[in-house]
Amino acid sequence: MALDAVFREQWGRVLATLVGILGDIELAEEAAAEAFAIAAERWPRDGEPSNPTRWLITTARNRAVDRLRRQRVLAAKTRLLARDLEADAPASVFEGAVMDHSAAIPDERLELIFTCCHPALALDAQVALTLRTLGGLSTDEIALAFLIPFETMSKRLTRAKHKIRDAGIPFAVPAGHQLPDRLAAVLAVVYLIFNQGWGGGRVDLAAEAIHLGRALATLMPDEGEVLALLALMLLHDARRAARLRDGEVVLLDDQDRTLWDGPQIAEGRELLDRAMTRQSGGIANADASPSLANERSFSRNPARPYLVQAAIADLHLQQPRDWRQIAALYGTLARLTGSPIVEMNRAIAVAEIDGPAAGLDILDRLDLEHYRYFHSTRAQLLRRAGRESEAQRAYRQALDLAQTEPEQRFLRQQLNPGHGLPKAVADED
């Protein structure tokens, strides 16, 4: 396996194990980075080890011990780590997939997500820090998810790490009765990991998020929002095989439905039904396409947003689509979250009901200049309204922000004046 693939697939597992061993997030992150750097130098020359994950964890732990000894700090921890090395810790420490089944949380990465989502930090800081350390997302990717500049997010992450260090916040797995207090941040982390995989072309991240969602549903099977989030991810992911054709983006209305994963859709709908029965008052809220969460969403009580989003995702799979119901659910979700991205999605639905001018009226009130789907959405509505020169400018703005090659090819096609008028906007993204 190429080192870049190992990094994508194993970074979170390596770091989660190291944080559990060291109890220090910054030290674990630095040690993991050093281990990957050493691997980049040695593996091409000496060959990949038979167990890359164990090699990386062992190398990182050795580097951490060396760092502690050189700095002559945390002497007790150094002695403890040295004893572990001499005693040859059991293989389960290194094998990321082998869990201590006596633990309350059935996955070491989910365990570390709950650990990082400490209530002493602001909710948005909990989410950002966890995405950076255990989700394996870059600061650039997290800043994009929060729709804020890179420098702002970088400072936020640094402040969070320093607060943990200076306040002596312990890295400990929370007790069972504390899990609900951390659930909002954990759900946000898992969903943002999924979104980065879905919108950024990282299939590994989407699969990782679904794996975490399943572990979370096993841990908290009576939490409606947990079931709803898993349903939401499964309903979107079921269309994965149909989203690209010959490397080109295929919008929802043009997708080959025979490529959709029927059993996964059925599972998502069953989970959605279970989530609805566990939420008092039933459905009153939602968002459908995997839209990246806005930081303002975290400042409010997140009552049932994933249930609503899963309901909209289900409506998007039905033919014909009930745009009025979709628009109403988006309106409820917008009031619930305050997210401009939800408003953007509502504009798409409104445009299907009342025409492109009505959708543009909503879009023109939003501040989403750094969000690529905002510009592509606006471009297609402008084109449908016959405002071609403005549509071309909006498509160029979207192209400047596009992250993946299929997206870029799609947008270049839209910039071709001879291209037919596309029907839907970002109803799939």
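The values are calculated or read from the model by the stated rules, or taken from the named source; none is laboratory data. The structure presented is a predicted model; accordingly, all values stated were derived computationally and were not measured. Virtual Cβ from ideal backbone geometry, glycine too; neighbours counted across all protein chains shown.
Things worth noting here:
- Number of positions in region 21-43 that are farther than 20 Å from Arg132 by Cβ and touching a residue at least 40 places away in the same chain (Cβ under 8 Å): 1
- Top-ranked residue in region 392-405 [being in a helix (DSSP H, G or I) and within 26 Å of the chain's Cα centre (by Cα); ranked as farthest from Glu248 (Cα to Cα)]: Gln397
- Whichever residue in region 404-428 is of a type in the set (A, V, I, L, M) and at pLDDT below 85 and, among such residues, is farthest from Trp198 (Cα to Cα): Leu421
- From Ala394, Ala357, residue being closer than 28 Å to Gly338 by Cβ, aliphatic (A, V, I, L, M) and in contact with a Lys or Arg (Cβ under 6 Å, 6 or more places away or on another chain): Ala394
- Between Leu360, Leu333, Leu368, Leu399, the distinction of being modelled with pLDDT of 95 or more and either surrounded by 22 or more Cβ atoms within 10 Å (Cβ to Cβ) or assigned by TED's automatic domain parsing to the domain that holds Val250 (or both) belongs to Leu360 only.
Residue by residue, here is whether (1) at pLDDT 70 or above; (2) in the same structural domain as Leu212 (by TED's automatic domain parsing); (3) in contact with an Asp or Glu (Cβ under 9 Å, 6 or more places away or on another chain) holds:
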position	(1), (2), (3)
Ala16	yes, no, yes
Ala33	yes, no, no
Ile38	yes, no, no
Pro44	yes, no, no
Thr78	no, no, no
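- Within region 258-273, the set of residues being part of a helix (DSSP H, G or I) and of a type in the set (Asp, Glu) comprises Glu267, Glu270, Asp273.
- Some residue of region 198-206 being touching a Gly at 6+ places or on another chain (Cβ under 9 Å), among the aromatic types (Phe, Trp, Tyr) and not assigned by TED's automatic domain parsing to the domain that holds Gly12: no
- Across region 254-272, the qualifying residues are those that are farther than 24 Å from Ala228 by Cα and surrounded by fewer than 17 Cβ atoms within 10 Å (Cβ to Cβ), and the one among them that is modelled with the lowest pLDDT is Asp254.
- For region 344-353, the set of residues classified as surrounded by fewer than 24 Cβ atoms within 10 Å (Cβ to Cβ) and not aliphatic (A, V, I, L, M) consists of Arg346, Glu352, listed by residue number.
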